[in-house]
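Read through the structure below, which is laid out as structure tokens, and then see the notes.
The values are calculated or read from the model by the stated rules, or taken from the named source; none is laboratory data. As the structure is a prediction and not an experimental result, all values here were calculated from the model. Note: accessible area is taken over every heavy atom of the protein model, side chains too, but ligands, DNA and RNA are not part of it. Shrake-Rupley method; radii C 1.70, N 1.55, O 1.52, S 1.80 Å.
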Amino acid sequence: MSKRIDFKNEYVCTIIGLIVNGVLTIFKFLAGIFGHSQAMLADAIHSLSDGFATAITYIALKLAKKPEDREHPYGHENIEIIVSWVVAVLLLLTGIYLGYSAIHTWYHGHYVVPTKIAAIAAGVSIVLKEILYRYTIHIGRILNSPALKANAYDHRSDAFSSIG
């Protein structure tokens, strides 16, 4: 008998996010290099930060399930709230870095017209990240998980950054 994958499981949701972010990061780096696109390289860095945010979310979900102990008599559920703030700060820092990078490139005139592969990579990224957002926010709402909801919005921000 084969085991069925439960796509409504928070761990499956975050692992799918990790896989998609990993593939997109590599794809965007290659598209940025071969497509001569500074924006795509910056977007690859954003996808890498999304991977870190998703990994942090996964760890938090595991820790939140730990039972009460002496140091935490009320349990560990609040770690999800803390992690949602960490993901938000990561998102803010990534946005600041991308903004700085864009202004620096524009100010110093270090831009090159990208090739079609960069536009294709951006299109693929927008579609995949929007699908990942919708899936993650759906599971986050079902499970009432602040960490999953924050991670979902991180996915959506990547879709928006790919538009640039």
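Observations
- Chain lengthening between residue 163 and residue 66 when straightened (0.36 nm per residue, less Cα-Cα): 30.9 nm
- Protein-only accessible surface at a 1.4 angstrom probe places the residues 157, 145 in the order 157, 145, largest first.
- Cα Rg, Dmax (largest Cα-Cα span) when computed across the chain, Å: 17.6, 61
- Volume per residue that the Cα convex hull of the stretch 1-73 spans, once the total is divided by residue count, Å³: 118
- Calculated [θ] (222 nm, deg cm²/dmol) that DSSP helices of n ≥ 4 give over the chain, each run adding -39,500 (n - 2.57): -27500 deg cm²/dmol
- Accessible solvent surface per residue of the stretch 3-111, calculated while the other protein chains remain in place, 1.4 angstrom probe, Å²: 65
- Nearest-10 value in Å² for the accessible area of residue 7, using the 1.4 Å probe: 110
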